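Following: one structure in structure tokens, then a few remarks.
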Amino acid sequence: MTTPITRRTAVQTLLAAGASATIAWPFPALAQGDEVIPFVDLPPAAPNARVPPSFTSFLTEISQFFTVAHYPVPDYDAASYKLKFTGLIDRPIELSLPELQKRPRMEQVVGFECAGNNNPRANALVGNARWVGTGLRAILDDLGLRDTAREVVFYGADRGLEDVSHGGATERVEQHFGRSLFVDDARRPEVMLAWEMNGQPLPRVHGAPLRLIVPGSYGVGNVKWLNHVHLQSTRYAGRFMSRDYVTLQGRQMGDQVIWDESWVSRMRLKSAVGLVTRRGNNARVHGFALTDGARLRAVEVSINSGPWQPATLDARNTPHSWQLFSYDWQGLVPGEHTVASRAINNRGEVQPAEEDLALKKTRWENNGIFVRRIRVA
Ligand SMILES: Nc1nc2c(c(=O)[nH]1)N[C@H]1C(S)=C(S)[C@@H](COP(=O)(O)O)O[C@H]1N2
Ligand SMILES: [Mo]
């Protein structure tokens, strides 16, 4: 039996373990008897830095689940709330929350990260939750999609002012948050509309009353405060598809570099070390991996640039959850050490090394193998 200790105790343990006050990242509770081995490569935590979630608990507690909102969080009235379907369909409809909740229930664990998550911020922008809702596919099939419908646009109720420039003049125009999927991707059986998170009504900051969950997608695809779905024939090029959340990456082709700008969508294969603990001279490396839906073949860990060794994948992992892993390392010796992890999927794709991403010029989708430095007291 292990007794969870409080967050405050975890911080004290971290401090006692030798981290300087400026890098006292408050990692969540540990089992009793375990100590955190501090990371020495984290930049100083900003005063309002986001706290990473527990990398040992399979489901991320709602209080530890990161939130991102690009516009002010909208108010809503559950009683009058309707989800509207419009565009290239034969039967436009509006569904209230009770009407949606009468549809077949779907429940799945889905983990995702913000495409801006990274190791220097201690991977705080990732979480894994159990979502309850209903499948989108059956609703789309009821709408009578016209042959010309190619794109499904999902709008949130949140809005904000954006600068639009034309001919040298700039105007502030109010726009909504929106993202789109190709019809074929929107019809994948795992895409859902969710109203419950970890057994609770969806919290307002996480998108109440209704959000889209697209397993395998970066966070930005999981549209919160969803109130309108529109079918159209053309590409939707809203801010979060075409100007923001766009990755610029060069590809060496012969003696030329071709510059590719792509929209952030399916998660790139990634793993990261989130926490290293010790009990006496035995250390345990804890981390998570994320995929676009492909099964993992392995996660491997390398200590001090030694050979890649297989980590243990957590038995609680499900197809679309984050994939927790751990690796035991015996015979700790004091001093500085490096720890890295890499994921390999069942298509044989290997998480790229940081050097392989030298031509990736934007900060999004940072999935390179990251060599973490720790100090053993
Ligand atoms: N309507 C709406 N949906 C949104 C956003 C938003 O600003 N507005 N942010 C997106 C981004 S960038 C991320 S990373 C996830 C974060 O989801 P969470 O706040 O539940 O963690 O929500 C996505 N859905
Ligand atoms: Mo995000």
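The values are calculated or read from the model by the stated rules, or taken from the named source; none is laboratory data. Values in this document were obtained by computation on a predicted structure and should not be read as measured data. Using ideal geometry, Cβ is built from the backbone for each residue, glycine included, and neighbour counts are taken over all protein chains shown. When the accessible area is computed, the model is the full protein with side chains, heavy atoms only, and any ligands, DNA or RNA have been set aside. Shrake-Rupley method; radii C 1.70, N 1.55, O 1.52, S 1.80 Å.
Worth a mention:
- Residue-span extension gain [Leu161 to Glu354] - 0.36 nm each, minus C-alpha spacing: 65.9 nm
- Projected-area average for the stretch 273-362 over all orientations - Cα convex hull basis, square nanometres: 7.1 nm²
- Cα gyration tensor shape for the stretch 119-220, rounded if a/c is under 1.5, else prolate or oblate: oblate
- Pairs of Cα atoms farther than 27 Å apart, the stretch 25-181, %: 48 percent
- Degrees separating the helix 7-16 axis from the principal Cα axis of the chain, which is the longest one: 40 degrees
- Look at the Cα gyration tensor of the stretch 170-298: its axes a ≥ b ≥ c give a/c of at least 1.5 with a/b at or below b/c, and that counts as oblate.
- Of the residues Asp77, Asp255, ranked by 1.4 Å probe accessible area with the largest first, the sequence reads Asp255, Asp77.
- Cross-link pairs exceeding 22 Å between alpha carbons, from the set Lys224/Lys270; Lys82/Lys224; Lys84/Lys224: Lys224/Lys270.
- Computed over protein heavy atoms with a 1.4 Å probe, the carbon and sulfur contribution to the accessible area of the chain reaches 50%.
- Here is the list for the stretch 216-299: trypsin sites (Lys or Arg not before Pro) lying in DSSP coil, each with at most 12 other C-beta atoms within 10 angstrom of its C-beta, are Arg243, Arg295.
- Here the chain has an Rg and Dmax of 22.1, 69 Å, counting Cα atoms alone.
- Applied to the stretch 156-167, the Karplus parametrisation 6.51 cos²θ - 1.76 cosθ + 1.60 on θ = phi - 60° returns per-residue 3J(HN,Hα) values of x, 6, 7, 9, x, 7, 10, 6, 10, 10, 9, x Hz, with x for Gly and Pro.
- Per residue Cα convex hull volume in Å³ - calculated over the stretch 265-310: 89 Å³
- Applying Stokes-Einstein at 4 °C and 1.567 mPa s to the Kirkwood radius of the stretch 228-276, computed over alpha-carbon pairs, gives a translational diffusion coefficient of 92 µm² s⁻¹.
- Computed from the alpha carbon positions, the gyration tensor of the stretch 38-122 leads to an equivalent ellipsoid with semi-axes of 38, 17, 14 Å, biggest first.
- From the C-alpha gyration tensor of the stretch 218-377, square roots of 5λ in Å: 34, 20, 14
- Beta bridges by DSSP in the chain, antiparallel share as percent, to the nearest 5: 95 percent
- Value at 222 nm in deg cm²/dmol, rounded to 500, when DSSP H runs of n ≥ 4 in the chain each add -39,500 (n - 2.57): -2000 deg cm²/dmol
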